[in-house]
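Shown next, in structure tokens, is the structure this report addresses.
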């Protein structure tokens, strides 16, 4: 029995399929982050996660140092997501774990996780980082399929997308460092 794809997928060009896949991955990643933010943690566990986040930010003084740290952290995570077969799975666990950290921070600050999620979604950093991660995980899926088909040309597309994600994450890191610097 052959798998039947929906008409919108069957009739789509390769480029459209990539965009659809990025959107699907984005929705799943956001859902996992939201679910993770509601994982109940003890106050001491929440406080420990909150302290780790604060110590990381405080240990990188200055705009350039913090931007570099944020970029290298986010880009290394993003690169993992490009790995064929396992990268998208690892990426989804990372998104869930991000939600857990977000929930822990909201617990320590004394507000519900939904407020933390809304406060993230209204910032452009969220959209930039989730776009980069969604592109990476979607390409990890796409690359897995192409490698099984022995279509090695996909490696060129992967390299291009890695560069695009790096550019997105550099901009996001600079914006995040600036917002932290002004106290947001």
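Please treat every number below as a calculation from the coordinates, not as lab data. None of these values were measured; they are calculated from a predicted model. Note: ideal-geometry Cβ built from the backbone for every residue, glycine included; neighbour counts use all protein chains shown.
Tabulated data
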{"read-out": "Gained length - residue 157 relative to residue 35, 0.36 nm times residue gap less alpha-carbon distance", "value": "40.7 nm"}
{"read-out": "Protection-proxy order for peptides 98-110, 152-164, each taking the mean of Cβ atoms within 10 Å per residue, highest first", "value": "98-110, 152-164"}
{"read-out": "Distance (nanometres) between label positions extended 7 Å along Cα→Cβ at residue 90 and residue 164", "value": "2.2 nm"}
{"read-out": "Cα gyration tensor shape for the range 113-176, rounded if a/c is under 1.5, else prolate or oblate", "value": "oblate"}
{"read-out": "FRET efficiency for residue 47 and residue 114, using Cβ-Cβ distance with R0 set to 25 Å, rounded to 0.05", "value": "0.75"}
{"read-out": "Alpha-carbon Rg/Rh ratio, for the range 46-108, with Rh computed the Kirkwood way", "value": "1.04"}
{"read-out": "Nearest-ten-degree value, helix 63-82 long axis tilted from longest Cα axis of the chain", "value": "40 degrees"}
{"read-out": "Diffusion coefficient, µm² s⁻¹, Stokes-Einstein with Kirkwood Rh over alpha-carbon pairs of the chain at 37 °C and 0.692 mPa s", "value": "186 µm²/s"}
{"read-out": "Spin-label model distance (nm) - residue 178 vs residue 121, 7 Å beyond Cα toward Cβ", "value": "2.5 nm"}
{"read-out": "Sequence-separation-based contact order of the chain, relative, with Cα cut under 8 Å and 6+ spacing, percent", "value": "32 percent"}
{"read-out": "The range 6-49 shape via C-alpha gyration tensor axes, a/c threshold 1.5", "value": "prolate"}
{"read-out": "Gain on full stretching of the segment that runs from residue 65 to residue 7 - 0.36 nm per residue minus C-alpha separation", "value": "16.0 nm"}
{"read-out": "Protection proxy ranking, peptides 126-132, 36-42, average beta carbon neighbours within 10 Å, highest first", "value": "126-132, 36-42"}
